[in-house]
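**Student:** For reference, the structure I am asking about is given below.
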Ligand code: E4P
């Protein structure tokens, strides 16, 4: 499973990228709006952080296929041809996906709330389909099950598309889909920081350090 950062706070993304084994960064217009900065400046800095081969996902804002296709061209020209263009999974979005996938564009189908959206996005050539796990839960449905169903639909139909689960609000949601072996999860920095935050870990390490200090003296290490 690819592990992706869902954030555009440059300092936070840099910190998480440095510490954790991450494969890329996803953004959406709302995430970019939180930075209060020029979006292309932020995206250029994110591209520098992930490097030319890291995954960067950038969403279009147009609601019509023609506009989406034009935006995709600008996104790829400014941020690299391997940039994943996030297209909302609407009828116009499916049209844009068909056009763009025929041109070899990396597509992440987004705003997915139902398994059927995932199926149609895959048929239209998307490389990833992004179900919004927590938002689905908040609607009274099962976000984890939706993501699993989409994963199964891809496998059972021989579709070459991966689930990129998004909109996580806690570690358990991430763990459930990691166990299931979905293609990728994109996780906000606050949730990432909670994934292995555990008093038992801290206390075990403190005890090791104290025991070693008792043996060779305070502040001494294996060096
Ligand atoms: C990512 O592709 C989605 O846009 C994002 O995860 C949505 O997250 P939210 O539900 O926390 O806004």
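The values are calculated or read from the model by the stated rules, or taken from the named source; none is laboratory data. Small disclaimer: the values here were computed from a predicted structure and weren't measured. Backbone-built Cβ (ideal geometry, glycine too); neighbour counts: all protein chains shown.
**Student:** State the number of residues belonging to segment 24-37 that are surrounded by 15 or more Cβ atoms within 10 Å (Cβ to Cβ) and within 14 Å of the ligand (Cβ to nearest atom).
**Tutor:** 7
**Student:** Could you look through segment 96-112, keep only residues that are away from the ligand (no atom under 16 Å from the Cβ) and touching a helix residue (DSSP H, G or I) at 6+ places or on another chain (Cβ under 7 Å), and pick out the one that is farthest from residue 29 (Cα to Cα)? Outline the logic, then answer.
**Tutor:** Step one: list which residues in segment 96-112 are away from the ligand (no atom under 16 Å from the Cβ), which gives 96, 98-105.
Subsequent filtering for residues that are touching a helix residue (DSSP H, G or I) at 6+ places or on another chain (Cβ under 7 Å) retains 96, 99-100, 105.
On the way: 96: 18, 99: 22, 100: 20, 105: 20 Å.
Going through the qualifying residues, I end up with 99.
**Student:** Separate question: Taking segment 139-171 as the region of interest, how many residues are outside any loop (DSSP other than H, G, I, E, B), within 30 Å of residue 198 (Cα to Cα) and more than 14 Å from the ligand (Cβ to nearest atom)?
**Tutor:** Matching residues across segment 139-171 total 4.
**Student:** Among the numbered criteria (1) more than 17 Å from residue 111 (Cα to Cα); (2) away from the ligand (no atom under 13 Å from the Cβ), which one does residue 62 miss?
**Tutor:** (1)
**Student:** In segment 155-183, which residues are at negative phi and touching a helix residue (DSSP H, G or I) at 6+ places or on another chain (Cβ under 6 Å)?
**Tutor:** The answer is 159, 161, 163, 165, 168, 169, 171, 173, 176, 177, 180, 182.
**Student:** Scan segment 121-135 for residues that are in a helix (DSSP H, G or I), under 20 Å from residue 94 (Cβ atoms) and in contact with a helix residue (DSSP H, G or I) (Cβ under 7 Å, 6 or more places away or on another chain) and jot them down.
**Tutor:** Listed by number, the residues that qualify are 121, 122.
**Student:** In this structure, is residue 106 within 19 Å of residue 5 (Cα to Cα) and surrounded by fewer than 19 Cβ atoms within 10 Å (Cβ to Cβ)?
**Tutor:** When the stated conditions are applied, residue 106 does not pass them.
**Student:** How do the pairs read when you match residues in segment 38-65 that are surrounded by 14 or more Cβ atoms within 10 Å (Cβ to Cβ) with residues anywhere that are modelled with pLDDT under 95, using Cβ under 6 Å and keeping only pairs 6 or more apart or on different chains?
**Tutor:** Matching pairs, first to second residue: 42/35.
**Student:** With the requirement that a residue be crowded, with 21+ Cβ neighbours inside 10 Å and near the ligand (Cβ under 10 Å from one of its atoms), what does segment 118-138 give you?
**Tutor:** Result: 128, 130, 131, 133.
**Student:** Would you say residue 79 is within 15 Å of the ligand (Cβ to nearest atom), farther than 19 Å from residue 102 by Cβ and surrounded by 13 or more Cβ atoms within 10 Å (Cβ to Cβ)?
**Tutor:** It is false that residue 79 is within 15 Å of the ligand (Cβ to nearest atom), farther than 19 Å from residue 102 by Cβ and surrounded by 13 or more Cβ atoms within 10 Å (Cβ to Cβ).
**Student:** Then there's this: Is it the case that residue 174 is more than 27 Å from residue 99 (Cα to Cα) and within 14 Å of the ligand (Cβ to nearest atom)?
**Tutor:** Yes: the conditions hold for residue 174.
**Student:** Turning to a different aspect of this structure: Filter segment 179-202 for residues that are within 16 Å of the ligand (Cβ to nearest atom) and not in a loop (DSSP other than H, G, I, E, B) and give the result.
**Tutor:** 184, 185, 186, 187, 189, 190, 191, 192, 193, 194, 195
**Student:** What residue, of 143, 219, is at pLDDT 95 or above and touching a helix residue (DSSP H, G or I) at 6+ places or on another chain (Cβ under 8 Å)?
**Tutor:** Details: 219 fails: at pLDDT 95 or above.
None of the other options fit; the residue is 143.
**Student:** Would you mind stating whether residue 115 is out of contact with any helix residue (DSSP H, G or I) (no Cβ under 8 Å at 6 or more places or on another chain), away from the ligand (no atom under 16 Å from the Cβ), under 26 Å from residue 140 (Cα atoms) and at pLDDT 95 or above?
**Tutor:** In short, no.
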